[in-house]
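The structure under discussion is supplied below as structure tokens; questions concerning it will follow.
Just so it is clear, none of the values below were taken in a lab; they were calculated from the coordinates. As the structure is a prediction and not an experimental result, all values here were calculated from the model. Glycine also receives a Cβ, built like all others from the backbone with ideal geometry; neighbour counts cover every protein chain displayed.
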Protein chains: 2
Amino acid sequence: MNVKSSTEAAELIPRQSDPENEESPPSIFDRFLTPAELFYVRNHFETPRIDGREWRLTVEGGARRVEFDMTALRSMERATLTATLECAGNSRALLEEKAKGVQWALGAVGTAEWTGVWLADVLERAEPAGGVKEVILEGADRGAIDEEPKTPGEIAFARSIPLEKARDVLLAWAMNGEDLPERHGYPLRAIVPGWYGMASVKWLRRMALVEQPFQGYFQTFEYSRWVEMAGYRSLAPLHAGEVKAEIAAPAAGEAIGAGTTYRVRGAAWAGESAIQTVEVSANGGGAWDQAQLLDRPARYCWTRWQYDWRTPSGRGRATLMARARDASGRVQPLERNKLERSYAVSHVLPVDVMIT
Amino acid sequence: MNVKSSTEAAELIPRQSDPENEESPPSIFDRFLTPAELFYVRNHFETPRIDGREWRLTVEGGARRVEFDMTALRSMERATLTATLECAGNSRALLEEKAKGVQWALGAVGTAEWTGVWLADVLERAEPAGGVKEVILEGADRGAIDEEPKTPGEIAFARSIPLEKARDVLLAWAMNGEDLPERHGYPLRAIVPGWYGMASVKWLRRMALVEQPFQGYFQTFEYSRWVEMAGYRSLAPLHAGEVKAEIAAPAAGEAIGAGTTYRVRGAAWAGESAIQTVEVSANGGGAWDQAQLLDRPARYCWTRWQYDWRTPSGRGRATLMARARDASGRVQPLERNKLERSYAVSHVLPVDVMIT
């Protein structure tokens, strides 16, 4: 049996250098947890250099303005959460219609164990009023984008979270048991489990409780989708991830022996839900076979899967497809939803291979 | 005394041909009401050709779905409203920093007497529920914009109005006592007095009552501004107009005799408020003299003004400025507010002339 190992490619793949944006190599799908040094990096501005001893987190907009240093946070009740993060632009490079933005292929995704304190415990100290609807999370990363769509001058990376989701959010200082690396948000980042990565604000430095929906740059011009309202298209911030399976092996264009058994491998995840099944089709979607799940399905986390494919006896092109279903009944669609703008690429992505 | 008449230029000035966008000539400031054939035209898509006998207006989202034809509307209680409309992009061409969009100079503004029925009377028939927050107004004009920022495919021009503003809105079939011309929205358009023109949806065909704020293309990607929220920039739809005076004569670069009296003329308006004073400075803002108001200030309407300027005795360049103050105390600022994106150009716009 041909089990192709992808561990030979064990370095991040640069996608943009200023700011730093790097994609994980296919080898990350060999392990459930993604090592920090192979975890994709999505930065909007230059990485801030922060001295953890000087750093403070402030919370405004409650009855009390509160401020924390790392010692104060570390003295609170700790929590650990395993969560997959996927960049909202992951797989954009595979869209048939070329889309603006960083050209991510399959590797703007990863899973880690995050340790810190619950956001809710921190917010409680600020005594939010009853009318509070959202909390704005601000990173220390800031700058200006001068091409369309332009930022309103120099701004910080900031995103808001509705208060009901804030209950699930962790403020993490550790990733897989080690202090956060600088590029992943040292000394503190949010982890918003089940949501696209843009919500998990890095280098967290300020939070503000607000009574109106925040319409910041990174949830309107960027990281938004069109939703239906009364028959119209209305812009809404991207939030929870879609159900999605990715094929890690074979790679597109890979040559595979005819009449052999090839172990197709990949991972699947489902935003705030858990994966239920993954199916594979080797005939363009005519028939679907169940893949074997390698990790116990869990909310917020990917589940790796494999499928032993008996390859055709004749030479030529073959197309593999994988589709996932989640515990809430969502099934990965075959067609791209164009209302997602250039985000949330979660339809079935066929992989063409050569049978030789 | 040199009173320059601008009536010689009595045709619309083309700014874009597909779709049709035309600016009013300076001669409009000679009259309080702007004739329909000289009224600026701001279209986003091709002008719809509508047969008024076939046309219907529907209202959805209330307890009853209601439909009106023109006969039904004309049998309701009539109202007439005089209102100035200014395109949100008016004066964009005069910005120091070149901005995207139709390059309007001073003439994307005009005043007319509008006749029709109150929007509130029409909405009442649909029996809106208590939770309704906004009404979406949809025109028959539709299409797709394929450059950034892209529309979500083909869409209708649509804008929402908060229910509390809906009380002031007229649905008009006549302009200065005549049926609406095709390019101005025949057979029915909204007139949202005091708001930038984009809210006064033309070729009105459908309205929808909604309980959440609508975030359509023409109030997010276009026709929006940045506002302050908890120290951040949050995107908000453009709505009421700012206080603004325009100098209609002299024109920029005009040659004016030294040591004479020149009648500086223009108009001023103030969104939902009324003009209180207009002042003119001929020395770069060092001293301001009161201009004479030619029309009785009224909410929603422009007030024309004039100022007899004793020109310098020496030759050279001179700079004229006009600034308005409204009944609510707002004063036109000297500096551009960059958070307005490429809209609401309402700071003092100096006019340089040559003294000869």
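Share of antiparallel DSSP beta bridges in chain A, in percent to the nearest 5?
Working: 75 of 82 bridges.
Of all bridge pairs located within chain A, approximately 90 percent are antiparallel.
Of the DSSP beta bridges with both residues in the protein assembly as shown, give the percent that are antiparallel, rounding to the nearest 5.
On the way: 150 of 164 bridges.
Rounded to the nearest five, the antiparallel share is 90 percent.
Something else about it: As I understand it, the dipole of the protein assembly as shown uses +1 on the Cβ of Lys and Arg and -1 on the Cβ of Asp and Glu, about the Cα centre. Which of B:LEU209, A:ALA174, B:GLY197 lies farthest toward its positive end?
The listed residue farthest towards the positive side: B:LEU209.
Right, something else. Kindly count the pairs of lysines across region B:13-237 whose alpha carbons are less than 21 Å apart, treating pairs on different chains or eight or more residues apart as eligible.
Numbers: B:LYS98/B:LYS150; B:LYS100/B:LYS150; B:LYS133/B:LYS165; B:LYS165/B:LYS202.
Eligible lysine pairs with Cα atoms under 21 Å apart amount to 4.
A further question follows. Report, in deg cm²/dmol and to the nearest 500, the calculated mean residue ellipticity at 222 nm for chain B, where each DSSP H run with n ≥ 4 adds -39500 (n - 2.57) and the sum is divided by the residue count.
Working: 3 runs with 15 residues, N = 356.
Rounded to the nearest 500, the figure is -1000 deg cm²/dmol.
Shifting gears a bit: Ratio to report: Rg/Rh of region A:244-355, with Cα atoms as the point set and Rh obtained by the Kirkwood method; give two decimals.
Details: Rg = 14.1 Å, Rh = 14.3 Å.
A ratio of 0.98.
Mind running the shape call on region A:83-160? Use the C-alpha gyration tensor, a ≥ b ≥ c as the square roots of the eigenvalues: rounded below 1.5 for a/c, prolate if a/b tops b/c, oblate otherwise.
Numbers: a/c = 2.65, a/b = 1.46, b/c = 1.81.
Oblate shape, in that a/c is at least 1.5 and b/c is the bigger or equal ratio.
With no solvent and one point on each alpha carbon, what is the Debye value of log10 I(q)/I(0) for region B:146-286 at q = 0.12, 0.14 Å⁻¹?
Normalising to I(0) and taking log10 leaves -0.73, -0.90.
Picking from B:SER200, B:SER75, B:SER91, which is most flexible by a Gaussian network model of chain B using Cα springs under 10 Å?
Residue with maximal mean-square fluctuation among B:SER200, B:SER75, B:SER91: B:SER75.
Also, I was wondering about something else. Write down, largest first, the equivalent ellipsoid semi-axes of region B:228-273 in whole Å, where each equals the square root of 5 times an eigenvalue of the alpha-carbon gyration tensor. Could you put the intermediate results ahead of the total?
Details: eigenvalues 286, 36, 14 Å².
Ellipsoid half-lengths, sorted descending, are 38, 13, 8 Å.
Which residue fluctuates the most in chain B, going by a Gaussian network model with Cα springs under 10 Å, if the choices are B:THR71, B:THR47, B:THR115?
Per the Cα network of chain B with a 10 Å cutoff, B:THR71 tops the list.
Let me ask something else. Rounded to whole Å, give me the distance from the Cα center of region A:172-205 to that of region B:282-336.
55
Compute and list, largest first, the equivalent-ellipsoid semi-axes of the protein assembly as shown from the alpha carbon gyration tensor, each √(5λ) rounded to a whole angstrom. All intermediate terms of the calculation are to be shown ahead of the outcome.
Working: eigenvalues 610, 184, 119 Å².
They are 55, 30, 24 Å, listed largest first.
In straight Cα distance, which aspartates and glutamates are under 17 Å from B:LYS244, not counting same-chain residues fewer than 8 positions off?
Answer for B:LYS244, where 17 Å is the Cα cut-off: B:GLU86, B:GLU272, B:GLU279, B:ASP289, B:ASP295, B:ASP326, B:GLU335, B:GLU340, listed by chain and number.
Next question, about the same structure. How many angstrom separate the Cα center of region A:225-277 from the Cα center of region B:253-279?
What the calculation gives is 62 Å, centre to centre.
Be a star and scan region B:38-69 for residues whose amide nitrogen sits under 15 Å from the point 7 Å along the Cα-to-Cβ vector of B:LEU163.
B:60-64
Say each of B:ASP18 and A:ARG74 gets a label point 7 Å from the Cα, pointing the same way as Cα to Cβ; how far apart are those two points in nm?
Those two pseudo-labels are separated by 6.6 nm.
With label points built 7 Å along Cα→Cβ from the Cα atoms of B:THR356 and A:ARG49, find their separation and express it in nm.
The answer from the label model is 6.1 nm.
For chain A, set up a Gaussian network in which alpha carbons nearer than 10 Å are linked by springs, and say which option among A:PRO237, A:PRO193, A:PRO14 fluctuates the most.
Greatest mean-square fluctuation among the candidates belongs to A:PRO14.
Also, quick follow-up: State, as an integer percentage, the relative contact order of chain A based on alpha-carbon contacts under 8 Å between residues 6 or more apart.
Working: 924 pairs, mean separation 58.6, N = 356.
It comes to 16 percent, rounded to a whole number.
Using only alpha carbon pairs under 8 Å that are at least six residues apart, calculate the relative contact order of region B:194-341 and give it in whole percent. Walk me through the numbers before you get to the answer.
Details: 282 pairs, mean separation 36.9, N = 148.
Relative contact order for region B:194-341 comes out at 25 percent.
Can you give me the convex hull volume of the Cα atoms of region B:13-237, divided per residue and expressed in Å³? Kindly include the intermediate steps, with their values, before the conclusion.
Numbers: hull volume 30.7 nm³, N = 225.
Value for region B:13-237: 136 Å³ per residue.
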